[in-house]
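Report on one structure; see the data block that follows.
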Amino acid sequence: RAWHLGVGGFARPKASALVLLRTPAAAGTARRVVLSSLAAELLDDTLGTALAAAPDAGAGWSVGVHPGGLVFQASGYSQRVQGLALELPKALASLELDEERFSLHRELLLKALRNRREERPLWQAQYELSFAMSRPTVHYEHALAFAADDGACSLAALRSHLDDLR
């Protein structure tokens with residue numbers, strides 16, 4: 001797919017579309033949160049190549065996990081946003097998983113969760129306060145325990161989880 005601004009591309013205003021895919025399959029337990037996070041990271045990794053030129057055309061996108069489900073965000077010049085917003089969920093539906101990329105993103109998630117323990121005391125207090133106020137949510141220690149379990153956090157588990165999300 002070629003991305004370009006085209007003649008008169010600046011005549012349209014910028015827009016942003018946020019789509020929240022509400023599903024209990026994405027949150028509530030450490031398993032769901034970790035596997036949803038890995039799915040979002042792998043989708044982001046896959047789309048990074050396919051949509052690399054999107055910023056040059058005035059478009060932006062992101063995929064993330066929310067306590068209520070998955071969030072897809074598309075922004076840019078209004079003539080591009082609708083198509084981009086539709087591409088993100090389609091990409092999730094057709095996501096192909098690779099063992100090497102899975103292992104890399106799992107290791108990055110483990111590092112991020114371990115680093116959370118080392119944060120400043122003020123940040124720890126803020127996290128505990130927000131954790132207490134935003135139930136139901138999963139504490140990072142529980143997410144770390146699941147992510148570190150080679151038998152539970154596997155490519156097969158992620159494939160099964162993706163079937164639940166789809």
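The values are calculated or read from the model by the stated rules, or taken from the named source; none is laboratory data. Keep in mind that this is a model prediction, so the values were computed, not measured. Please note: Cβ atoms are built from the backbone with ideal geometry, for glycine as well, and neighbour counts cover all protein chains shown. Calculation scope for accessible area: heavy atoms of the full protein, side chains included, ligands and nucleic acids excluded. Shrake-Rupley method; radii C 1.70, N 1.55, O 1.52, S 1.80 Å.
Please give the contour-minus-distance gain from Arg22 to Asp150: 0.36 nm per residue of separation, less the Cα-Cα distance, rounded to one decimal in nm.
Details: separation 128, 0.36 × 128 = 46.08 nm, distance 2.82 nm.
Gain on stretching Arg22 to Asp150: 43.3 nm.
Testing the spin-label approximation: label points 7 Å from Cα along Cα→Cβ at Asp163 and Glu119. State their distance in nm.
With each label point 7 Å from Cα toward Cβ, the separation is 3.5 nm.
Of all accessible surface on the chain at a 1.4 Å probe, what whole percent is carbon and sulfur?
Result for the chain: 54 percent of the exposed heavy-atom area is carbon or sulfur.
According to the square roots a ≥ b ≥ c of the eigenvalues of the Cα gyration tensor, what is the shape class of segment 56-155, taking rounded for a/c under 1.5, prolate for a/b larger than b/c otherwise, and oblate for the remainder?
Details: a/c = 2.29, a/b = 1.45, b/c = 1.57.
Oblate shape, in that a/c is at least 1.5 and b/c is the bigger or equal ratio.
Each label point is 7 Å from the Cα along the Cα-to-Cβ direction; what then is the distance between the points at Glu96 and Leu108, in nm?
Output for this residue pair reads 2.0 nm.
Using per-residue counts of other Cβ atoms within 10 Å, averaged over each peptide, order 145-158, 111-124 from highest down. Working shown, then result.
Working: 145-158: 15.4, 111-124: 11.4.
Ranked by mean Cβ neighbours within 10 Å, highest first: 145-158, 111-124.
Return the long-range amide H neighbours of His66 (sequence gap of 5 or more, or a different chain), with a cut-off of under 5 Å between placed amide H atoms.
Here Val71 satisfy the definition.
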